[in-house]
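**Q** One structure coming up, written as structure tokens, with questions to follow.
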């Protein structure tokens, strides 16, 4: 990894995800982070850790045998001048209600780490506007930064948990309207799809035709980012692959994407 970062100075962030990296003992996890810090890479600005441990096992940061060591490792990263962002997964407001979770958040923030929150929109669990608004407000009150509402991936039990994109966008928009600017750091609904991170901006009408408006927040090619594109209105679509270009032809990135895969394979 260190060698790869040396060869790619354009990379500024490293994300540890999984699975869940916080399942590892602190002594094991620090092997990876120490290697990055010891390399003193000028391009490495941020280390991110994607985890749901704060919600399902806050004791990782409180009373586990390596809780203090975990937090000291966080402090070491911050003291090196590297920004540390904990990408915390929460599925529901109720997960933020317990004292151990509140204390875990407090202890993590004392290390200088930043906690950003991200959540999948799940049918039968959290597909409720008011819950999202209250969850974002609670996260802000705890000192966390609302970051993403994700569309569930096209895998596993998507047929059960998936929420149609049109409905997802309305839930997001109506919740967004209920919160102050401090919670409006959140973005969504977003799909981590083949071309990149696709953001559903909303529903509009062009020349009398109802369309779904999208853009890429991240793309395989940087030129794709931020370019609006339009899909035919489909109230049943739950993923990018379910959508068709609004005015025939192809989405603007399709030819480049196909060419990239052809070269790779």
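The values are calculated or read from the model by the stated rules, or taken from the named source; none is laboratory data. Keep in mind that what you see is a predicted model, and the values were worked out from it rather than measured. For neighbour counting, all protein chains shown are included, and Cβ atoms are generated from backbone atoms with ideal geometry for every residue, glycine included.
**Q** If I ask for residues that are free of Cβ contacts under 8 Å to residues at least 40 places away in the same chain and buried (at least 16 other Cβ atoms within 10 Å of the Cβ), which ones from segment 79-92 would you list? Even if it seems obvious, please write down each step before you answer.
**A** So in segment 79-92, the residues free of Cβ contacts under 8 Å to residues at least 40 places away in the same chain come out as 79, 81, 83-86, 89, 91.
Result: 83, 84, 85, 86, 89, 91.
**Q** What number of residues within segment 204-243 are surrounded by 14 or more Cβ atoms within 10 Å (Cβ to Cβ), at pLDDT 95 or above and either in contact with a helix residue (DSSP H, G or I) (Cβ under 6 Å, 6 or more places away or on another chain) or not in a strand (DSSP E or B) (or both)?
**A** The total comes to 10.
**Q** Across segment 9-23, which residue is nearest to residue 87 (Cα to Cα) among those that are touching a residue at least 12 places away in the same chain (Cβ under 8 Å), in a loop (DSSP other than H, G, I, E, B) and out of contact with any strand residue (DSSP E or B) (no Cβ under 6 Å at 6 or more places or on another chain)?
**A** Step one: filter segment 9-23 for residues touching a residue at least 12 places away in the same chain (Cβ under 8 Å), giving 9-18, 20-23.
This time we only want the ones that are in a loop (DSSP other than H, G, I, E, B), so: 9-12, 17-18, 20.
Still in the list and also out of contact with any strand residue (DSSP E or B) (no Cβ under 6 Å at 6 or more places or on another chain): 9-12, 18.
Values: 9: 23, 10: 22, 11: 18, 12: 16, 18: 12 Å.
Here the residue is 18.
**Q** Let me ask something else about it. I need the full set of residues from segment 54-99 which are within 18 Å of the chain's Cα centre (by Cα) and farther than 22 Å from residue 132 by Cβ, in order please.
**A** 83, 84
**Q** Same structure again: I'm told residue 26 meets every condition in (1) free of Cβ contacts under 8 Å to residues at least 40 places away in the same chain; (2) in contact with a helix residue (DSSP H, G or I) (Cβ under 6 Å, 6 or more places away or on another chain); (3) over 16 Å from residue 109 (Cα atoms) except one. Can you identify the failing condition by its number?
**A** For residue 26, the exception is condition (1).
**Q** Mind checking whether some residue in segment 94-103 is modelled with pLDDT of 95 or more and closer than 20 Å to residue 19 by Cα?
**A** Scanning segment 94-103, I find at least one residue that is modelled with pLDDT of 95 or more and closer than 20 Å to residue 19 by Cα, so the answer is yes.
**Q** Residues 104, 123: which one is closer than 28 Å to residue 172 by Cα, in contact with a helix residue (DSSP H, G or I) (Cβ under 7 Å, 6 or more places away or on another chain) and assigned to a helix (DSSP H, G or I)? Step through it out loud before you land on a result.
**A** Values: 123 fails: assigned to a helix (DSSP H, G or I).
The unique qualifying residue is 104.
**Q** Same structure again: Which condition does residue 81 not pass, out of (1) out of contact with any strand residue (DSSP E or B) (no Cβ under 8 Å at 6 or more places or on another chain); (2) closer than 18 Å to residue 30 by Cα; (3) not in a loop (DSSP other than H, G, I, E, B), if it passes all the others?
**A** The one condition residue 81 does not meet is (3).
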